[in-house]
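The values are calculated or read from the model by the stated rules, or taken from the named source; none is laboratory data. The model shown is predicted, which means the values in this text are computed figures rather than measured ones. As a convention, Cβ positions derive from the backbone with ideal geometry for all residues, glycine included, and neighbour counts pool all protein chains shown. Side chains included, ligands, DNA and RNA excluded: accessible areas come from the protein's heavy atoms. Shrake-Rupley method; radii C 1.70, N 1.55, O 1.52, S 1.80 Å.
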Amino acid sequence: MTRLRPFRLVRAAALILSLAVLAACNVVVTQAPLFTRADEAGAPSPRPGLWRFDGDADCRVDESRPLVEWPRCGAGAVLNSGTAGYFERETGVPVWTIQPLILAAGAPRIAQAQVKFSGDIKVEGATYAYAGVRATKLDDRGRIVALRFWPVQCGPPPPPGEGGDAAAGTSKPLAGLTMKPGDPACATTSQAALREAAKASEAWAPKPLNARWVRDGNS
């Protein structure tokens, strides 16, 4: 693999994708959801309100301002029970968008969100994408106020400079994941296989992705 051509996962719920590019290729996607709200039972929930996710390193955001006034690089979203709301800015005009979000219990936890792919790479039939999640801070009521997350990958990422199709994924998909040679993504119908992939993927993430609660409210 020479140079990965990143594709964007657009309209994704904030926890899983940080409203930004997560990865170039080699991610797990499914046509049908693997988790429901029942899979969240027994685990802490994110504190409702405005959250900020990793954006551009040089992005300057006045977090006291309403979310609609934040620059796109600020990557903010409003989390409530089972949903993530944010301003879609693809057309240049902010459009308030709400997406379902599942944060399944387990070790690690799995975030599931609906996605739409755009850019150089097309993934036919993909509707849901996944990330491993670890809470890094709880408030005095046991709610998550900071977390780290990473994309669930199909297998070991191809080394830089390996050659071949720049849009292809791993050559060694993990057990329980199906992937055609040259495809940019893989699929599964197994929660167990997805969770094992999430465990392995934490070490393959190019850098930590983080989010933190900013304040109560919906703006």
### Query
So, in the range 33-88, of the ones that are of a type in the set (Lys, Arg) and touching a Leu at 6+ places or on another chain (Cβ under 9 Å), which residue ends up farthest from Asn218 (Cα to Cα)?
Arg72
### Query
When the range 183-192 is examined, which residues are found to be farther than 10 Å from Asn26 by Cα and open to solvent by 20 Å² or more (accessible area, probe 1.4 Å)?
Ala187, Thr189, Ser190, Gln191, Ala192
### Query
Can you name every residue in the range 130-172 that is farther than 18 Å from Leu209 by Cα, modelled with pLDDT of 85 or more and open to solvent by 20 Å² or more (accessible area, probe 1.4 Å)?
Asp139, Asp140, Arg141, Gly142, Arg143, Pro156, Ser171, Lys172
#### Entry: Qualifying residues in the range 28-61 (those that are over 24 Å from Arg212 (Cβ atoms) and among the polar types (S, T, N, Q)) - the one least open to solvent (accessible area, probe 1.4 Å)
Thr30
## Note on the structure
Ala24 meets each of (1) more than 18 Å from Ser81 (Cα to Cα); (2) modelled with pLDDT of 50 or more; (3) hydrophobic (A, V, I, L, M, F, W, C); (4) open to solvent by less than 20 Å² (accessible area, probe 1.4 Å) with one exception, condition (2)
### Task
Identify all residues within the range 75-105 that are open to solvent by 50 Å² or more (accessible area, probe 1.4 Å), modelled with pLDDT of 90 or more and closer than 16 Å to Arg143 by Cα; write none if there are none.
Asn80
